[in-house]
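Only one structure is covered here, and it is reproduced in the block below.
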Amino acid sequence: MTEPHEWDEPTWRGRVEAVRAGRNLLPKSWPGGARCAVALSFDSDHETNELRDGGNSVARLSWGEYGARRGIPRIRQVLDRYDAKASFFVPAVSALLHPEEQKSLADDGHEIGLHGWIHELNTKLDATTERDLMHRAADTLEKVTGRRPVGMRTPSWDYSPNTLTIAQELGLLYDSSLFSDDDPYEIVANGTPTGIVELPVEWIRDDAVYFMMNRFGAQRPYTAPSDVLDIFLRELEGARAEGGLFLLTMHPHVTGYRSRIFILEEILKRATEAGDCWIATHAEIAQYCAEQAGMTVKGMK
């Protein structure tokens, strides 16, 4: 195998162009004359982070259980106070462990999206295994909630060489795993538009990077909750100033604590008081962007 510095141009260019950002899908205006769209998402990993790694730590399994036991109820209370709908990305195993949670969220108008089977690292899988897990996950979420998922967030926030093809096979409307922009765009595969909307993520707008803890490694919480709120609010204000998308990723077992839940409360308070923010699920935002761009809307019934 040659080293990257030995690659010819078709090789390194092919790596770059395999999955690329296509046309910008930021609409000329948001519904109701809103200045920006606010997409709140919660990655409900629960016990699957530890199960993926072997399930040997009872303590870390209990940390995941906290997300379902206390984190989700607190999050729902805040969302309910502001009548805000959000997207919950759920590994299939989490859905099987907590089916009543997913069914109740879906029945309340929240979105349940794909997030792998057991929070596996999809970039480590062969095509057959990844395809099987993604299809099984979609079938499981549909069985649990009564609704077929229309969007995904890969557990690793990354693509294998096969991920996009599988997403196309599933007929997904959107993905939310990539980083090429602040605002929605169409994913392009080897120069060909896919019709899949990308709602970009960013580690800056993710609670885990500020608060995660691993006592056997170097990972330690290092940012005060008040500072994290300041970062998130600055991102929100930037989206409002530019008329763009504010997409936030949170985790029930990270943000669902007494000392951190105020972050979600303050974001919703600011967005609501501004009076010019459209708070919607990822599916609703992706559908609106696709329709405004004249794209065929996939996955929506």
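The values are calculated or read from the model by the stated rules, or taken from the named source; none is laboratory data. Owing to the predicted nature of the structure, the values given are computational and were not obtained by experimental measurement. With ideal geometry, Cβ positions are generated from the backbone for all residues, glycine too; neighbour counts draw on all protein chains shown.
Considering the conditions (1) crowded, with 23+ Cβ neighbours inside 10 Å; (2) in a loop (DSSP other than H, G, I, E, B); (3) not polar (S, T, N, Q), Tyr159 is excluded by exactly one of them, (1). Restrict the check to region 85-95 and report whether at least one residue is surrounded by fewer than 21 Cβ atoms within 10 Å (Cβ to Cβ), assigned to a helix (DSSP H, G or I) and modelled with pLDDT of 95 or more. The answer is no; no qualifying residue exists.
Selection of first residues in region 243-265 that are on the phi < 0 side of the Ramachandran plot and at pLDDT 95 or above and of second residues that are of a type in the set (S, T, N, Q) and in a loop (DSSP other than H, G, I, E, B), restricted to Cβ pairs under 6 Å at least 6 apart or on distinct chains, gives the following pairs, ordered by first then second residue: Pro252/Ser44.
A quick yes/no check of all residues on (1) assigned to a strand (DSSP E or B); (2) within 13 Å of Leu245 (Cα to Cα):
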| residue | (1), (2) |
| --- | --- |
| Ala167 | no, no |
| Leu172 | no, no |
| Asp181 | no, yes |
| Ile187 | yes, no |
| Gly195 | yes, no |
| Pro200 | no, yes |
| Ile204 | no, no |
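Against the criterion of being in a loop (DSSP other than H, G, I, E, B) and more than 15 Å from Asp45 (Cα to Cα), Gly109 qualifies. Of all positions in region 9-25, none carries a residue that is within 25 Å of Val297 (Cβ to Cβ) and part of a helix (DSSP H, G or I). Within region 267-295, the residues that satisfy the criterion of being part of a strand (DSSP E or B) and of a type outside the set (Phe, Trp, Tyr) are Cys277, Ile279. Is it fair to say Leu268 is surrounded by 19 or more Cβ atoms within 10 Å (Cβ to Cβ), modelled with pLDDT of 95 or more and in contact with a Leu (Cβ under 6 Å, 6 or more places away or on another chain)? Answer is no for this residue. Gly33 falls short on exactly one of the conditions (1) in contact (Cβ under 8 Å) with a residue 12 or more places away in the chain; (2) closer than 25 Å to Gly113 by Cβ, and that condition is (2). From the list Val197, Val228, Val188, the one residue that fits, being touching a strand residue (DSSP E or B) at 6+ places or on another chain (Cβ under 6 Å) and more than 17 Å from Gly113 (Cβ to Cβ), is Val188. Against the test of being crowded, with 17+ Cβ neighbours inside 10 Å, under 16 Å from the mean Cα position of the chain (by Cα), within 23 Å of Ala18 (Cβ to Cβ) and among the acidic types (Asp, Glu), the options Glu186, Glu130, Glu120, Glu111 yield a single qualifying residue, Glu120. For region 206-246, a residue qualifies if it is aliphatic (A, V, I, L, M) and outside any helix (DSSP H, G or I), and the qualifying residues are Met212, Met213, Ala218, Ala224, Leu245.
Considering every residue within region 47-59, establish whether at least one is more than 19 Å from the chain's Cα centre (by Cα), touching a residue at least 40 places away in the same chain (Cβ under 8 Å) and part of a helix (DSSP H, G or I). Yes: one or more hits.
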